[in-house]
Each structure stands twice: as C-alpha cells, then as structure tokens.
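The values are calculated or read from the model by the stated rules, or taken from the named source; none is laboratory data. This is a predicted model, so every value here is computed, not measured. Neighbour counts are summed over all protein chains in view; Cβ atoms, including those assigned to glycine, are modelled from backbone coordinates with ideal geometry.
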Amino acid sequence: MINKSLTLSALAISIVLSGCSPATQHQQSSTTQQTLTAEDAKDFLKQSQRELEKLQFPGAQAAWSYATNINYDTAAVEAYMSEKYSSKASELAKEAAKFNSVEVDDDTRRQLNLLRNSLVMPPPADADKSERLAKISSELGGMYGKGTYCRNEDECFSLPDMTAAMATERDADLLLEYWKGWREVSPPMKDMFVEQVALANEGAKELGFANVSELWRGKYDMPADDFPAELDRTWNQVKPLYDALHCHVRAELGEYYGTDVVPQDQPIPAHLLGNMWAQSWGNIYDLVKPQQEMQVPDVTKALVDQGYDEIKMVKQAESFFSSLGFEPLPETFWERSQFTKPADRDVVCHASAWDLDDKDDLRIKMCIQKTGEEFNVIHHELGHNYYQRAYKNEPLLYRNSANDGFHEAIGDTIALSITPKYLKEIGLINEIPDASNDIGMLLKVALDKIAFIPFGLMVDQWRWKVLTGEVKPEDYNKVWWELRNQYQGVMAPVARPADAFDPGAKYHVPANTPYTRYFLAHILQFQFHKALCEIAGDEGPIHRCSIYGSKEAGTALNNMLEMGMSKPWQQALETLTGSPKMDASAVIDYFAPLQTWLDEQNQGRSCGW
Ligand code: X8Z
Ligand code: ZN
C-alpha cells in the first residue's frame, strides 16, 4: 500500500449529489456552461488542490499514527480525518461536474476526471452513512492489524511469527494449524465488509458509476469494460509457463509429502507452498529444486552470516537507488519510519511506504524479518518512496503513478537486479555461480514471481463480482475458492466452516486496497527491467543483468517516474520501453531456459487440475 491509497483514494472522494441521478448531474452542468470558462476550470483546480492538501496531510498523519499504534483513540482520529477529507473531496468533485460541458484543454480535463475517479470506496452523500463507512474501513484495518492466532490461553502467534513458520516448517500438520489459525481472524469481519460494500456502492452510484467495480476498472486510461480483456490477454501469455511450474511443483510436493496429501490430479493444497496465502512459493525452493546440485545464493543466510540488522538491510537497499543517481533518503526517513515490530503495542505489520507531506517526509512501515524475501520487500517499498519523491512537484492530482501497477513495479524492478553479480559486488557472496546454475536461480525467481501472477489476478476477479453484487455474501467464500482453484490450481486443505471468510485473512481485502495492481506490476517489472538493462548496456542474458551503478538507467527510470500520473500510462510506458503496450513477452524471454527445463521435467507427468 502506498500513501496515495491512504489519502486521495482510500479516504474516498465522492460527489455529494443528494437525490440526483447521473442524468440530472449532466443537465445541471449544461445549464451552467454558458457562464463557466476554461480559466474558471483552472482556477477551480488550483483552489481544490489547496483545500485538499490542507486535509490530506493531517489525514496522513492520523493514518500513520493509527497504523503504527492501533488503539481506541488513534482509530477514532483516523476515522474522523478520513471522513473530513472525503466530504471535502466530495464537495469538490461535485463542483468539478459543472465543467463537464465546458471546453477545456486535455490537461485540465484529465485533472477534472481524476477528481471524479481517484476514489476507492466513495461514501454516500448522507452524512451518517459517510461516517459509518469511514468507521468500518478504519475498524477492519485494525482488526487485521491486531489479529493473532492463539493455540491456547498462553500461546499466541502474530502474523509475522506464522509467516516465518509457513516459510520454513515442513510438517504438514503444523502448517495446517497455522493456516487454519490465521483464518480465524476474518469471520468477525464479514458483516462489516458486507455493509461496507453496500455503502460504497451507494457512493459510487451517486458519482454516476454502476458500482465500485466499474469505478475500480475505470482507472486505466481505457473504457472500464475493456480492461479485463487486457488482463486476460497478458495472463494467457504467461499461463503455459505457470502451468508447467505448477505441474513440477505438485509432482515434487507429492514426492515429499505423499500423493495422499498432494493428489496428483487436483489443485495443490494451499498450506504447503511456503506462504500463508500460497501467493509466492520461493520458500519451498529446497523441496522442488533440480536434482543436479545448483549454487543459488541463499540471501537469508548471507544476511545473517554478515551480521546485517534491519537498518543495514534498508541502507543497503537505499544504496542501490543511490548508485542509479537518486538522492539519499532524508534524515527524517530514518527517524520516523517503523522498521521493526514494536513489542508494546499493536501495529499493522503489512509493509507499506508513505509520503506524509508531498515534500520529503518519506517513511516505510514494516516489521522487517532478516530474510532474503524481506530484503526484496524493502526494495519494493523504497521503490514507492522514490516514485513519490520523483512526482512531488506535479499538481496534486498527478502525484501518483502512471497507473497503480507502475507504483508496485518500481521497487520490484530494482530487486530483479539483485543478481549473483550484484550480491558479490556488495560482499554478500564470494563467488558468482557460473551459467550451469542458472536453472536453479530461474526456478527460485519463478517460484516467487510466476507463481504470484494468477493470485494477483484472482483477488479482484473475486472482488469485482462481490462489488457488482454478482456474488452474494452467502457465496463469498465458495466463490473465493472456486477462483483460487480456477486461476491458481490451489485448493483449501480442509473443508471450510460455514462462517469462513477467507478473503478477509488477506490484508488487501479488509484494507480495501485494489489488487490488480500487483498483477500488472508482475508483468511491467519485466518490461522495465529489460528496457533498463538495454539502456545500461548489459549484453548478457536478461536474468543475469543488474543495472546497479548505471546512471543512464537511473536517469531513464527517473524520467518516467517524474511524469507521475500526468499522462496516460501507455505514454509513460513508452517513455521508458519504447512501446505503449503492456506485454508479457519480456517475462517469457526472461524465463525461456526454465520453460524448456520444466517441460523436460514434466514429461510423463500428468499436468493440470
Ligand atoms: O502488499 C504488497 C506490498 C505492499 S504494497 C508489500 N504486496 C502484495 C502482497 O503482499 O500481497 C507486494 C506483492 C503483493
Ligand atoms: Zn507496494
């Protein structure tokens, strides 16, 4: 999550058009058009920016205080500020509609449109309902943050504890215990979630959207109804690689746990994949690795051996960005960030990056664990911070990424450059394994990145159905697992109880963070990496390329970041890659040797589910 989703979007801008249908809204604007000019529109945007900023920054501080110290009072202040911001933004969005029929330049039109659809959960005009929506949002986030699983009265586990256990434990019964245990956090969320959906849909309708799904799908510089086809197109490019990876992983897990635990003609049970949500599988590399001995750097071990602490991990990540020519992070970043889980209070441990004032008050909020996986997450979060800093001089409505997938892709792009060559350069390993070890390395990366892709897609396939009302509350969990099965080939390890609300056990559902962004990021980061490697003049295979130290690559990247949201994302993509089209062929190229290897391994196996 990034600061914008806590401010501009999650604080939910909405139009207050009490009792007005969209048709009335249009009529209203056409009657005022004679008196309003393009100049008026520009003035209006300037004034709106000033008014929003006044509420946005204290709102972000309230959100920060809550996320880093969950209690009764911080919850109240956060909900209060969030509501204040939304109602102001609503008023402005309503006024913006007056310019619907005024002839304005493209730039002005873009900003006026952004005012209308930067929302995530738009509140209804009714003040009580708007307050209730803010309160629910705040409470759901807190419930997730505070969540624990207690085995008995004196033995409780936090999510970071269980995340670590899911990564390293190999006892299927224990894994199942944690898997089920964490999912006890979400049934109490369900009623509020249902209410939230209804309230936000009411708000979306007042804005002229059919529902929140249409609003979410409408943020991609193309008609909302065309967007899902773009996702399908790219997913179909990657699917053969995913299917091959799935086949191999299922077969190896069947060898390890037995085919009674991992049936070879069914989806893979979700508790065995090294991750609480079975969303990335790199932690089970040792169970599925090639038979032939392969040297693959163990970054977790290297960090421990070299005595890295949490701060040193962040400093190391910062130095990568510095090597590209980005300015060091400000002193306040080090003073104000949350790097480790405080012992004395509840916090939201899920990693996020914040920009509190659109000047230079950048921070991350994490509960860092000393692992290679978290080293990547640190790069991910810093990517958000450097993006935020790069677009800070844009007008308020453009202070965001080209689309939300871009924001999620930047740090990951940098992390793709954490290659053996780079690890040697910074002294984390002593030798660069030769090319005969590449399959091991590619498999490790694919377990994280390729395994993630269908998960990145299915979360919002579920949410869109929920938000349109196509799926009713009584079927929420059933449809969740149908989609898990369909896209990922993953199944619940045990029959789920009637009151289960498993989507609520995934951070982004109670936090209302749209998830398609991560799917997009997992495609885009390979396009970015490929382009940056070319600019850096790296001539080797793309999976061995590191852009570390390339000022040329840094400048090219910054040129795109600086644009913020000022132009359609296709244009931002073209600025860096030379093409306006999202395209998974960079993914396919990157993993080409692995696809060949997987196909060989899978010969004679029956694949699919
Ligand atoms: O939520 C995140 C980031 C913060 S924006 C840590 N990610 C998704 C997740 O954890 O589910 C990164 C990858 C996917
Ligand atoms: Zn992120």
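Which of the residues that make up the range 248-267 are buried (at least 17 other Cβ atoms within 10 Å of the Cβ) and either of a type in the set (S, T, N, Q) or under 14 Å from TYR487 (Cα atoms) (or both)?
Hit for the range 248-267 is PRO267, nothing else.
Just to check your reading of the model, which residue among GLU431, GLU374, GLU425, GLU327 is within 16 Å of ligand 1 (Cβ to nearest atom) and not basic (Lys, Arg)?
After applying the criteria, what remains is GLU374.
Which residue out of LEU443, LEU428 is in a loop (DSSP other than H, G, I, E, B) and touching a Pro at 6+ places or on another chain (Cβ under 9 Å)?
Result of the check over LEU443, LEU428: LEU428.
Within the range 464-477, is even one residue in contact with a helix residue (DSSP H, G or I) (Cβ under 6 Å, 6 or more places away or on another chain), part of a helix (DSSP H, G or I) and within 26 Å of LEU272 (Cβ to Cβ)?
Within the range 464-477 (the criterion being in contact with a helix residue (DSSP H, G or I) (Cβ under 6 Å, 6 or more places away or on another chain), part of a helix (DSSP H, G or I) and within 26 Å of LEU272 (Cβ to Cβ)), the answer is yes, since at least one residue qualifies.
Condition (residue is within 16 Å of ligand 1 (Cβ to nearest atom) and either loosely packed, with under 13 Cβ neighbours inside 10 Å or assigned to a helix (DSSP H, G or I) (or both)) applied to the range 289-306: is it met by at least one residue?
Scanning the range 289-306 turns up no residue that is within 16 Å of ligand 1 (Cβ to nearest atom) and either loosely packed, with under 13 Cβ neighbours inside 10 Å or assigned to a helix (DSSP H, G or I) (or both).
Could you check how many residues of the range 376-392 are more than 15 Å from MET560 (Cβ to Cβ) and either touching a residue at least 60 places away in the same chain (Cβ under 8 Å) or among the polar types (S, T, N, Q) (or both)?
Residues in the range 376-392 being more than 15 Å from MET560 (Cβ to Cβ) and either touching a residue at least 60 places away in the same chain (Cβ under 8 Å) or among the polar types (S, T, N, Q) (or both): 5 in total.
Mind listing whichever residues of the range 103-122 are more than 13 Å from ALA93 (Cα to Cα) and part of a loop (DSSP other than H, G, I, E, B)?
Those that are more than 13 Å from ALA93 (Cα to Cα) and part of a loop (DSSP other than H, G, I, E, B): GLU103, VAL104, ASP105, VAL120, MET121.
For HIS379, which of the numbered conditions (1) surrounded by fewer than 21 Cβ atoms within 10 Å (Cβ to Cβ); (2) in a helix (DSSP H, G or I); (3) touching a Gly at 6+ places or on another chain (Cβ under 7 Å) fails to hold?
So the condition that HIS379 fails would be (1).
What helices (runs of 4 or more DSSP H) lie completely within the range 509-609 and have 1 or more residues being of a type in the set (Phe, Trp, Tyr)?
Helices (runs of 4 or more DSSP H) meeting the threshold: 516-535, 569-577, 585-590, 592-601.
Could you list all residues from the range 310-328 that are within 22 Å of GLU373 (Cα to Cα) and either at pLDDT below 95 or not in a helix (DSSP H, G or I) (or both)?
Correct list: empty.
Here's the yes/no breakdown for (1) closer than 30 Å to ASN117 by Cβ; (2) of a type in the set (Phe, Trp, Tyr):
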| site | (1), (2) |
| --- | --- |
| ALA536 | no, no |
| ILE542 | no, no |
| TYR548 | no, yes |
| GLU552 | no, no |
| THR555 | no, no |
| ASN559 | yes, no |
| MET565 | yes, no |
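In the range 343-365, which residue that is part of a loop (DSSP other than H, G, I, E, B) and within 11 Å of ligand 2 (Cβ to nearest atom) is surrounded by the most Cβ atoms within 10 Å (Cβ to Cβ)?
If we take residues in the range 343-365 being part of a loop (DSSP other than H, G, I, E, B) and within 11 Å of ligand 2 (Cβ to nearest atom), then HIS350 is surrounded by the most Cβ atoms within 10 Å (Cβ to Cβ).
From ARG496, ARG544, ARG517, grab the single residue that is of a type in the set (D, E, K, R) and either under 26 Å from PHE227 (Cβ atoms) or out of contact with any helix residue (DSSP H, G or I) (no Cβ under 9 Å at 6 or more places or on another chain) (or both).
Of the residues listed, the single one that is of a type in the set (D, E, K, R) and either under 26 Å from PHE227 (Cβ atoms) or out of contact with any helix residue (DSSP H, G or I) (no Cβ under 9 Å at 6 or more places or on another chain) (or both) is ARG517.
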